[in-house]
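The values are calculated or read from the model by the stated rules, or taken from the named source; none is laboratory data. For clarity, every value in this text was computed on a predicted model and none was experimentally measured. Cβ atoms come from the backbone with ideal geometry, glycine included; neighbour counts cover every protein chain shown. We work out accessible area using only protein heavy atoms, side chains counted, and drop any ligands, DNA or RNA first. Shrake-Rupley method; radii C 1.70, N 1.55, O 1.52, S 1.80 Å.
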Amino acid sequence: MMSAPTFAVAGPVRGAEVAAPRSLRATGIPEAAASASGTGSMGGFAAAGFGTVALGALVGRASTRRGASSKQAKFVGLSAAVPAAQQSSFVRDQLVACRAQLGEVSLDDMDRHIEEIEAVAKKMLAGVAAAGMVFTSCADGAMAYPVFAQQNYPNPREPTGKLACANCHLAGKEIDVRMPAEVLPDTIFRTTVEVPLKYKKRLQPIADGSKASLNIGAIAILPEGWKLAPKDRLPKSLKKEMKGLSWSAYSKEKPYILVAGPVPGEMYEKMILPILAPDPAKDDKVEFGKETFYFGGNRGRGQVYPEGNKSNNNQFFAEADGTIKAIDGLKVTIQKTDGTSIEQTVLPGADLVVTVGEEVRKDEPITTNPNVGGFGQAEKEVILQDMNRVYAFCALSFSIFLSQLSFVLKKKQFEKVQLAEGF
């Protein structure tokens, strides 16, 4: 049980002790909640740290004047004498009154003292807030699957063509990608990444074993020079189709690799990606021609974490031949043929399909398979078209048409001449 911290002042004792101002007592923690230390360790550490810093500041102020006083200095608690009715809401006035009773009145020192305490309090509150944000962001790791690839793979596409997402999402499910066959330079075109599944009916286990709807995510690897279309150039119709979906760069070094998610699968089954085609006239590294795009789409949680341990979104198998000796919650005891027993622990989420006394063989499933998601890849080719080539093709086609037409007309004319001459 934690009580509100009290401060002390070093200095000569003159009469009664003085109570600490209410506003200096563990700023940010109500008195009624001071005893409830179970609200979190960060709040307790913040209160204790603030009390320590304030105590050190007050002690430092008083220690500079010890040589001027002939009386012995000692620590005096500030929470004993003055009743609560006499306390004021102004910290500065209260401190001036306290120092006046001690015979050490200095308004400049008081103002500087208060500014120091406020600065320390602001820094501590900022640190506590930052720690709280980190703590809450790390609490639900199952929702951050694109981050796993970003942290562990500088390039998400292996030389074999496999994307990094497939290392954790072992089940395979197809995706459908639709995009134009050719585009012009400096134009925005729409790409649709469809991750199909019956999201209203399919549920997956989360970390605690309960069922929840599936989230989805996608990755798009564009050729260098191609990039995400800027928002100020998107037409209103395309913004409406995106439904607020946000794409972000995979890393600062590879802005042409884009990721999205996790987002609710029921709402974003079709993910719209606006792409801006490069202009070779402005970028010497880009050339007209055919380019290859690589896409990946995932629905649901993975089966393996980056550390290599299994998630509870797995089917578990018997580790040895034998007989089910006991089942205690998530622990299954298998008695092997040599008389020894092994205890196997399954994770929450799947249902056991074996009973006590049943014989099992090694690698035989002992639970159902709770996974209903999977990862899929696709490749598409797009031609960056040069309008000069289009004009040249049109001119060539028209010239061929005229040549063929002139040959046909000449043949008809020749046939008429032959008929007129009697051949």
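Numbers for the structure displayed
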{"read-out": "Among the residues listed as Pro365, Pro370, the single one being open to solvent by less than 80 Å² (accessible area, probe 1.4 Å) and touching a Phe, Trp or Tyr at 6+ places or on another chain (Cβ under 9 Å)", "value": "Pro365"}
{"read-out": "Test: residue in region 245-263 that is closer than 19 Å to Val177 by Cα, at pLDDT 90 or above and surrounded by fewer than 15 Cβ atoms within 10 Å (Cβ to Cβ)", "value": "yes"}
{"read-out": "Inter-residue pairs, beta-carbon under 9 Å, first farther than 11 Å from Thr187 by Cβ and in region 378-390, second surrounded by fewer than 16 Cβ atoms within 10 Å (Cβ to Cβ) and among the β-branched types (Val, Ile, Thr), 6+ apart", "value": "Glu379/Thr292; Lys380/Thr292; Glu381/Thr292; Val382/Thr292"}
{"read-out": "Test set (1) open to solvent by less than 20 Å² (accessible area, probe 1.4 Å); (2) not in a strand (DSSP E or B) - Val177 fails condition number", "value": "(2)"}
{"read-out": "Criterion: out of contact with any Leu (no Cβ under 9 Å at 6 or more places or on another chain), among the charged types (D, E, K, R) and open to solvent by 50 Å² or more (accessible area, probe 1.4 Å) - qualifying residue of Lys290, Lys239", "value": "Lys239"}
{"read-out": "Filter result (open to solvent by less than 40 Å² (accessible area, probe 1.4 Å), assigned to a loop (DSSP other than H, G, I, E, B) and of a type outside the set (Gly, Ala, Ser)) within region 180-232", "value": "Pro185, Val195, Leu197, Tyr199, Leu214, Leu222, Pro223, Trp226"}
